[in-house]
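Input: a single structure, listed below in structure tokens.
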Amino acid sequence: MRDVVIIGTGQTKFGEKWEKSLKALMAEAGVKAVKNSKIKGEEIDALYTGCMASGRLVGQEHIGALVADQVGLNPIPSTRVEAACASGGTALRTAYLSIKSGEHDLVVAGGGEKMVDVPTERVNYALGGAGDQETEIFNGATFAALYALMARKHMEKYGTTEKQLAEVSVKNHENGAKNPYAQYQREISVESVMNSPEIASPLKLFDCSPITDGAASVVLTTKEKAEEKGKDYIEIKASAQASDTLNLANRKSITEIKATQQASRKAYEQSGIKPEQVDFAEVHDCFTIAEILAMEDLGFYEKGEAAKAVEQGKTKLEGELPINPSGGLKAKGHPVGATGIAQAIEAYKQLTGKAKERQIENPKTALTHNIGGTGATAVVHMFQKPSKEE
Amino acid sequence: MQEAIPLNWRKYPERYRLEGTHCEECGQDFYPKKNICPNCRRKGKLEDKQMPREGKIISYSKVKASHKDFKDETPYYVALIELKNGVTIFSQVVDSLDNEVEIGAEVEKVFRKLNDKKYGVIAYSHKFRVKK
């Protein structure tokens with residue numbers, strides 16, 4: 001079977017981009033990725049774009065057609081992929097499958113979201129579509145509230161504390177401060193997290209990822225083509241996905257995300273890389289508790305042990321297992337459709353030695369983890385630096 | 001959408017009477033209603049069944065920043081409640097003091113207005129309150 005690789009990436013700065021429309025953001029990221037990949041537009045066979053809620057946020061659907069049009073690539077096939085907050089990760093997976101299957105040779109996987117045009121309450125309503133509209137959102141749930149339910153249970157069951165959750169945000173801001181594309185490029189203190197306004201107890205404002213505009217793109221092709229072009233690349237060693245109940249109430253447990261466990265298990269099998277062999281990971285920290293759950297569900301730490309590991313600094317840039325070196329969703333920002341792609345971009349930059357101030361020392365393997373809703377979709381990818389012997 | 005008259009009308013049994021589904025084949029109760037049994041799929045034999053109206057709080061949260069339809073009601077409590085038959089439901093917790101809302105608290109269903117902001121549809125639903 002063919003080996004699929006990423007040969008280049010591009011993204012917009014993430015943040016409140018008042019002067020940029022969804023069209024402008026998508027075009028900017030796409031053009032940058034193509035330029036950085038040293039390819040010509042004519043070489044692209046298809047486009048896959050993750051976008052969650054453009055309908056509710058800017059009244060626009062048919063994003064596949066929008067993107068192809070904006071970047072002048074008609075008439076190639078262009079498809080929007082949607083899996084709530086995992087839209088980017090599933091767009092990446094779809095792009096990967098299109099090459100793996102032999103249907104295409106070179107494709108662009110992108111993602112983007114335009115979120116700041118509408119007031120926060122409307123964004124909350126739009127994001128509510130990631131959950132069960134009829135039974136969660138209708139009854140007053142917000143995403144923060146749903147994750148808050150998971151947080152409180154995790155705290156009751158394992159003794160995880162609010163302060164430990166705060167350490168996740170502090171670490172991610174430390175990393176984000178070194179990321180020129182991040183929405184927040186400044187450090188914060190545990191105190192500032194603890195004193196930030198309560199959103200849905202026990203989660204406070206600084207436990208939550210922000211509302212962000214942004215777009216990101218990666219170019220995928222076969223290993224053969226990448227070698228032909230003499231372009232540096234990273235290998236996609238695994239792509240796996242799993243689903244669970246749409247609503248939180250019907251899950252077997254609310255202190256773990258089974259879909260993450262299932263997807264990551266498949267990814268470890270596919271790649272032959274074990275959890276202890278992963279050099280760093282970009283995980284889905286939509287809320288601080290989500291990063292704790294990810295650390296446990298991905299098999300990096302035992303259930304109930306992740307919060308202590310964060311407190312002990314094990315997941316900092318210089319720690320034993322750097323998590324979210326990019327700053328994560330918290331500091332980098334969470335333009336929903338772009339997130340899964342931005343995680344792959346961090347994997348690419350770190351593995352090819354381009355992460356500058358955030359550079360982890362000589363990483364060889366990376367795992368990215370993207371979640372939809374409260375865990376109804378989980379997508380896990382494994383990346384590896386090509387070995388010199390080949 | 002949320003305010004659509006047909007949508008709200010379809011949901012009356014589920015919201016007002018906690019009507020869910022029982023599968024004769026595997027014997028499990030489900031809420032909200034199911035069109036297909038998640039265990040048995042096409043082999044399932046589904047029938048309507050009312051869920052018990054009492055349970056206990058599994059987890060809860062005080063919502064201070066809501067989405068647009070609930071702006072006027074913050075702060076309010078939401079919870080996951082395990083009903084007496086083991087089925088878990090998401091609902092608001094009302095008429096209860098802060099120190100009464102805790103994991104393990106026994107609660108009972110009440111019938112309350114959800115909101116009436118859209119197109120004249122006055123939406124009602126289940127909510128729960130801590131048993132005194």
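The values are calculated or read from the model by the stated rules, or taken from the named source; none is laboratory data. Values in this document were obtained by computation on a predicted structure and should not be read as measured data. Accessible surface areas use protein heavy atoms only, side chains included; no ligands, DNA or RNA. Shrake-Rupley method; radii C 1.70, N 1.55, O 1.52, S 1.80 Å.
Here are some notes:
- Per residue value of the accessible surface for the protein assembly as shown (all protein chains in place, 1.4 Å probe), Å²: 39 Å²
- 37 °C / 0.692 mPa s Stokes-Einstein diffusion coefficient of region A:121-270, Kirkwood radius on C-alpha pairs, µm²/s: 177 µm²/s
- Viscosity 1.002 mPa s, temperature 20 °C, Stokes-Einstein D of region A:230-348 from Kirkwood C-alpha radius, µm²/s: 141 µm²/s
- Helix A:143-158 and the long axis of chain A differ in direction by around 60°, with both axes built from C-alpha atoms.
- More than 16 Å apart - percent of Cα-Cα pairs taken over region A:60-104: 46 percent
- Exposure ranking of B:Leu46, A:Leu317, A:Leu203 by accessible area [1.4 Å probe, largest first]: B:Leu46, A:Leu317, A:Leu203
- Rounded to the nearest 10 Å², the accessible area of B:Lys11 at probe 1.4 Å: 20 Å²
- Most mobile listed residue (B:Ile58, B:Ile89, B:Ile36) in chain B, GNM with C-alpha springs under 10 Å: B:Ile36
- Over all directions, the projected convex hull of the C-alpha atoms in region A:1-139 averages 9.1 nm² in area.
- Carbon and sulfur %, accessible surface of the protein assembly as shown computed with the full protein complex present, 1.4 Å: 48 percent
- Region A:63-133-region A:196-254 distance, computed between alpha-carbon centres (Å): 12 Å
- Summed over both chains, the area buried between B and A is near 3000 Å², taken from the accessible surface of protein heavy atoms with a 1.4 Å probe.
- For the set B:Arg53, A:Arg2, A:Arg122, A:Arg358, solvent exposure ranked by accessible area (probe 1.4 Å, protein chains only) runs largest to smallest as A:Arg122, B:Arg53, A:Arg2, A:Arg358.
- Compactness ratio for region A:177-256: Cα radius of gyration over 2.2 N^0.38 Å (N = residue count) comes to 1.74.
- Value at 222 nm in deg cm²/dmol, rounded to 500, when DSSP H runs of n ≥ 4 in chain B each add -39,500 (n - 2.57): -2000 deg cm²/dmol
- Occluded residues from region A:172-205, i.e. those whose accessible area drops by 30 Å² or more once the chain is not alone (1.4 Å probe): A:Glu198, A:Ile199, A:Ser201
- Set the Cα radius of gyration of the protein assembly as shown against 2.2 N^0.38 Å, with N its number of residues, and you get 0.96.
- Rotationally averaged projected area of region B:22-90 (alpha carbon convex hull; nm²): 5.9 nm²
- The convex hull drawn around the Cα atoms of region B:52-132, when projected onto a plane and averaged over every direction, covers 5.4 nm².
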